[in-house]
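> Got a structure for you, written out below as C-alpha cells; questions coming shortly.
The values are calculated or read from the model by the stated rules, or taken from the named source; none is laboratory data. None of these values were measured; they are calculated from a predicted model. Heads up, the Cβs are rebuilt from the backbone with ideal geometry, glycines too, and the neighbour counts pull from every protein chain shown.
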Amino acid sequence: MAEQDAATPPTSRGIVAAVRRELAAARHAARSMQAATAAARVAAVTQLDAVRRSAPKRRAELDAARDAALADARARWEREGAKLTAALSGLAEAAAPGTAGSPWAQWRPGMKPDQQAGLAPGLLRIGTLSHAAERTVPALVPLLDTAHLAVSGDATGTADGLIGAVLLRALASVPPGAVRISVYDPGQLGGALAGLAPLSPAGLISFLGPGGLAPLLDDLAEQIRRINENVLGGVYLSVAELAAETGRRPEPWRVAVLLADPNGAELTRAERAQLDRVARTGVAAGVHLISRGIELTGDGVETITVRSDGTARTSLTGELPVRLDPAPAQPLLTGVCRALAEQATAGPPPVPFAALLPDEIWQQSSADALRAPIGEGTDGRLVELVLGDDPPHALIGGPSGSGKTNLLYCWLAALATRYSPGELSLYLLDFKEGVSFARFAPGTRDPSWLPHVRLVGVNVNSDREFGLALLRHLAEELKRRAAAAKQHEAAKLAELRAEDPAGNWPRIVAVIDEFQVLLGARDAVTTEAVDLLEDLARRGRSQGIHLVLASQDVSGIEALWGRSGLVAQFTLRIALPKARRILSDVNLAAELIPRCHAVVNADSGVPAANTIVRLPDAGDRATWVGLQEQLWSARPEGGEPPRLFDGDARPLFPLLPPPPAPELPASVGAVALLGETIDVTGRPATLRLNRAPGRNLAVLGTRADEACAVLLAAGHALGSQHAPGTARFSVLCLDSDAATAAKSLHAALSARHRCDWHTAETVTALLADLAAECAEPGSPAGAAAPQGSPATAGGSVPHSGAGAQGDGRVQGAGGRDQVHYVFGFAMDAVAGRLAAKPGPGLPSGHEHLRTVLARGPERRTHLLCWWRTVARLRDDLGGPGARFDAIGAWVALDVHGPELAALYPQPGGPAWHPRTGRALHFDRAVQHKAQIIIPYEVAP
Ligand SMILES: Nc1ncnc2c1ncn2[C@@H]1O[C@H](COP(=O)(O)OP(=O)(O)OP(=O)(O)O)[C@@H](O)[C@H]1O
C-alpha cells in the first residue's frame, strides 16, 4: 500500500480495500491468537490437573527427606556429643584424679583418702558443666601450684560451701599434712568453715578473726621470702619444679582463705599492698589465696562468680554455666577432716628403704671415708652418716624399741651396697638376746651371707669375753696397720692405700649393739675392754678402724663416763627418740622427735649440729634376703663366710685336719681338743700331751654332760692323731651317768686303736699295773702288774681294739714307748675302792693313782679324768695337804673360782663364776690366765 501511495493517488475504494485487507489480516491474527491461547489454556489446565494429582506424594517425600536429614543430624550430634563428653570426662578425670574429682557420693565420713604422690595435685571439682545427667562433665578449677581463687557473688552461704569443698578436695588429694590452711573470717570468727575445724589439732588449719589479716599476710610474705632464699635458692623457679626434679616436696602448700568483712571494712593500703605482693609471688612458693568478697589481682587468679540458683561462671569455663555440687554434708566434712588429721599426726610415709641404695652396687672408694645415707632430712634430702678421720666413731642411743636395730640395718644396707668387701669389712656383735645380726651369716634357711661381714656375734649377752675377744682382734689389726703405715710413712689410711695399692686395707666398722653389757661389771673384763676401746678409739681413726657402739642407756655406764677422753672420740652421735646422754646435756632434741626419727649430730651432740632424720623401715626380711642374695652373688671369688658366734648354740666338734706324720705325736706329743675358745676365730682349746710332768687333765664339776663332752672331744682328737694301732687307750666307766659317753668313746677309739674297757671292778688293778710301769723305769711296760689283781685276772672286763689281750689284761702291746691315754669317767666314784689297802704294806689304789699322775706323763701315760668336785680330787690326791702338781691342766665346770685356788698360780684362784654351757680351762704349761671355753657337741 505504501508503493501504491507513491505511484497513484489513493482512491476511496482502494482505501476501503486496503482497510478490509488490513482488517482481514487483523481478524486472522486475532483468530490465530485466540486458538493459541485456547490451546495454551487447555495445556495449563491439564498441567494443573497433573500437579494437583501428584502434590500429596511429593510432600510426603519431602517430609521424609527432611525427617531423615533431621534424624541423621541428631544421631551425628548425639555421637559427637557423647564422644566429646567422654573425651572431656576423661580429661577431667586425669586432671582431677581420685578425691580431687570423685563425687561426694563416693566419699565416706571416716575414710582415709588415698592421697597421690603430691607432686602434681591437678584440678579440683566444683560441679558439672551440663544438666543432662547422662552427659555430666565435671567442672574443675585449678589451685595448688597453679592459681589463687577469687570467689564473688551474693550467695555467701553457697560461696562458703564451695570454698569448704575445694579445700577438702585439696587436702585429700595430697599427702597428709602437705596443705596448711589459714582462715581469716572476721564475720563469723571461723564459723564459715567450721566443718574443717577437726584439722586443727593436727595443726593443719588455723582461724583468724578481725585484726588477723595483716599478720597473716605478713607471715605469708615472710614464708615466700624464706622459700625463695633457702629452699629454691635460685636453682629452681618454683617449689613445684623442685618437687618434680627431686621427687620430694620440702615445703607444704599454704592456703590462706580470706573472707570479706560483712561490715564492709576495706583493706588498708598496707594490707592491700601486701595482699597484691602475696598474690603475685605466692604460687611459685606454694602459697595460695582463696578470697570471698575480696578482690585479687594478678595473672594467676581464677574467678568464680556464684549465683543464688546454685550455678556459677568461672574464668576457666567462660560462658559455659557450671552447676555447683552441693556442699559436702557436715558429717562427711568433719569425718574426713578428722581422718586426715590423724594421718597427718602419724606423719608422712618415710622415704622407702630402697631410696638408701645406689643404682649400681660397690662403686665407691672408702679411701677417705665411708659415706652412706640412713634416711630423709627435714628438707627432703637424704642424710648421710660419715665415718672417716672426722668423725671416726659413732655412739648410738635409744631405749628399747626406739629403732636402733632398724637404724643399723639402714646404715649397713647403705654401706654394703656402696662399698665392696675390699673396701669395707664389718664385725657385728649384739649383746642382747635375739638374732638381729644372724641374718648376715649363712643359716639353715638361707645359705647366703653379707660378703663384707667377717664376724657375727649373736646372743652374746652372757659371753662378755667374746666382746673382749673382738676388741683384742681389732687391736691386733690396729697394730698390723700401724706397722704397715710406719713402713710406708703413711699418716692415715688414704695415704697407706696410695703407698700400698696392692695391700688389703678395707675400712673396718665394728658394731657393738648393747655394748653396755660388755662394760656392765666392775671386773677385769671391763677394765681390759675399756683400755682396748680407748686405744682403738684414739688410734683407729687414722687406721680406718671405726667403732659404732649402740646402747639402750649409756647414762649408767660408769666405765665409759669415767673416761671422758674415750667418749670424746665418739664425735658422731645418733640419738633415737628419748635417748639419754647421747647428745650434750643442753641438747633436748631426742626428747622431741617422734617415732622412726633420729637426731644425727657429728659434733659430739652440740645443739647447733643437730640434723633430724626420718628413717625408713628396714625390717622387711624379704627385702633383705633379696638384697643380700644380690651382694652375695657378686662376692669376690674365694670370699669366706663370716664366723658366726651364737652364744646360745653349742659348737660342733670341728672337722679335724688329716693326721700328722706318725713320728710327730711321738716326738712332741699329741694334742687333745677340749672345747671352743671364746675367740674371734673360734679356735679350739688344746692340751698338748708330751712327756713333761703334769701332762694330765682333770675335769672338775658335777655337770656330767659337759664333763663327758670334754673327755669325748679330747679322746676323739687324740685317737685320730695317732696312726692306727700306735696308741693305747683305756676307758674307765665308773658311774652310770657317764656310761653312754664312755661307751661311745670306747667304740670310736676301738676302731683305730687298742682300747680297754674298765669298770669299778678293774680300776684298781689297772692303776696298779700302770703304777708299776711308771715306778720301775727300765722294766717292760705291764711287766710289773701285781699278781692276782682283778685286771690281770681277766674275767669280766670287756675290751677291744688293736693290741687288746683276749683275757682283758692291760699289758702294753706296743711296748714301753707306746703312748697310753687313760680316760676316767667319774674317778671320785671309786674313792672307797681306791682308798682300800689290798694288804698290809701294799699300796692302795690312791697311791697307785698318785704315782701314775706324777710319773705317768714321762712314761707316756696320761690320765684324763673327771672328778665331780675339787674336794674329791684333793682326797684322791692325799687329803688336805695334797699337792696338785701332777694336774698340769684342768677344765672346771660348776666350780667357783676360789675353790680352784690350789690349782691356780694366782692367790685366791681365777675370777670365775660358773655358767651353763661354759667351762674354765687352765694349762699351767702354756697359760698364765685361765680361759673360758665352750664344750663341744660331739656326735656319738
Ligand atoms: N623407721 C622405722 N619405720 C618403721 N618401723 C620401724 C622403724 N624403726 C623401728 N621400727 C619398728 O619398731 C620396732 C622396734 O625397732 P627396733 O627393733 O629397731 O628397736 P630397738 O631399739 O633395736 O629395740 P630393742 O633394743 O628392744 O631390740 C620393730 O618392729 C621395727 O620394725
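> If only one of GLY443, GLY434, GLY503 is at pLDDT below 95, out of contact with any strand residue (DSSP E or B) (no Cβ under 6 Å at 6 or more places or on another chain) and on the phi > 0 side of the Ramachandran plot, which one is it?
The unique qualifying residue is GLY434.
> List pairs: first in the range 402-430 and under 23 Å from PHE645 (Cβ atoms), second away from the ligand (no atom under 13 Å from the Cβ) and part of a helix (DSSP H, G or I), Cβ under 7 Å, 6+ apart or cross-chain?
Sorted first by the residue in the range 402-430, then by its partner, the pairs are ALA413/LEU627; ALA416/LEU631; LEU424/LEU415; TYR427/LEU470; LEU428/PHE440; LEU429/GLY467; LEU429/LEU470.
> Related question: Examine the range 309-332 for a residue that is part of a loop (DSSP other than H, G, I, E, B), more than 15 Å from the ligand (Cβ to nearest atom), touching a residue at least 60 places away in the same chain (Cβ under 8 Å) and within 24 Å of LEU426 (Cβ to Cβ), and state whether such a residue exists.
No, every residue in the range 309-332 fails to be part of a loop (DSSP other than H, G, I, E, B), more than 15 Å from the ligand (Cβ to nearest atom), touching a residue at least 60 places away in the same chain (Cβ under 8 Å) and within 24 Å of LEU426 (Cβ to Cβ).
> Right, GLU376: charged (D, E, K, R) and more than 16 Å from the ligand (Cβ to nearest atom) or not?
No.
> Determine whether the range 273-289 contains at least one residue that is closer than 19 Å to ALA165 by Cβ and modelled with pLDDT of 90 or more.
yes
> Let me ask something additional. Going by the conditions given, is VAL456 assigned to a loop (DSSP other than H, G, I, E, B), touching a helix residue (DSSP H, G or I) at 6+ places or on another chain (Cβ under 6 Å) and touching a residue at least 12 places away in the same chain (Cβ under 8 Å)?
Here the answer is no, as VAL456 does not meet what is asked.
> Specify the residue that is farthest from PRO451 (Cα to Cα); the eligible residues are those in the range 505-557 that are acidic (Asp, Glu) and in contact (Cβ under 8 Å) with a residue 12 or more places away in the chain.
Top of the filtered list is ASP523.
> Across the range 151-207, what is the number of residues that are in a helix (DSSP H, G or I) and of a type in the set (Gly, Ala, Ser)?
14
> Still on this model: Residues in the range 591-609 that are free of Cβ contacts under 8 Å to residues at least 40 places away in the same chain, of a type in the set (A, V, I, L, M, F, W, C) and buried (at least 16 other Cβ atoms within 10 Å of the Cβ): how many?
The total comes to 3.
Conditions (1) under 38 Å from the mean Cα position of the chain (by Cα); (2) modelled with pLDDT of 90 or more, marked per residue:
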{"position": "GLY293", "(1), (2)": "no, yes"}
{"position": "VAL301", "(1), (2)": "no, yes"}
{"position": "ARG313", "(1), (2)": "no, yes"}
{"position": "LEU320", "(1), (2)": "no, no"}
{"position": "PRO328", "(1), (2)": "no, yes"}
{"position": "THR334", "(1), (2)": "yes, yes"}
{"position": "GLU360", "(1), (2)": "yes, yes"}
{"position": "ALA372", "(1), (2)": "yes, yes"}
{"position": "ASP379", "(1), (2)": "yes, no"}
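> Same structure again: What about LEU387, is it within 16 Å of the ligand (Cβ to nearest atom), in a strand (DSSP E or B) and surrounded by 24 or more Cβ atoms within 10 Å (Cβ to Cβ)?
Answer is no for this residue.
> What number of residues in the range 559-610 are within 16 Å of the ligand (Cβ to nearest atom) and under 17 Å from LEU387 (Cα atoms)?
Count: 5.
> From (1) at pLDDT 95 or above; (2) buried (at least 24 other Cβ atoms within 10 Å of the Cβ), pick out the condition that doesn't hold for LEU408.
Result: LEU408 passes all but (2).
> For the range 390-420, how many residues are part of a loop (DSSP other than H, G, I, E, B) and more than 10 Å from the ligand (Cβ to nearest atom)?
Total satisfying the criteria: 6.
> State whether the residues of the range 284-298 include one that is within 16 Å of ASP379 (Cα to Cα), in the same structural domain as LEU196 (by TED's automatic domain parsing) and buried (at least 18 other Cβ atoms within 10 Å of the Cβ).
Scanning the range 284-298, I find at least one residue that is within 16 Å of ASP379 (Cα to Cα), in the same structural domain as LEU196 (by TED's automatic domain parsing) and buried (at least 18 other Cβ atoms within 10 Å of the Cβ), so the answer is yes.
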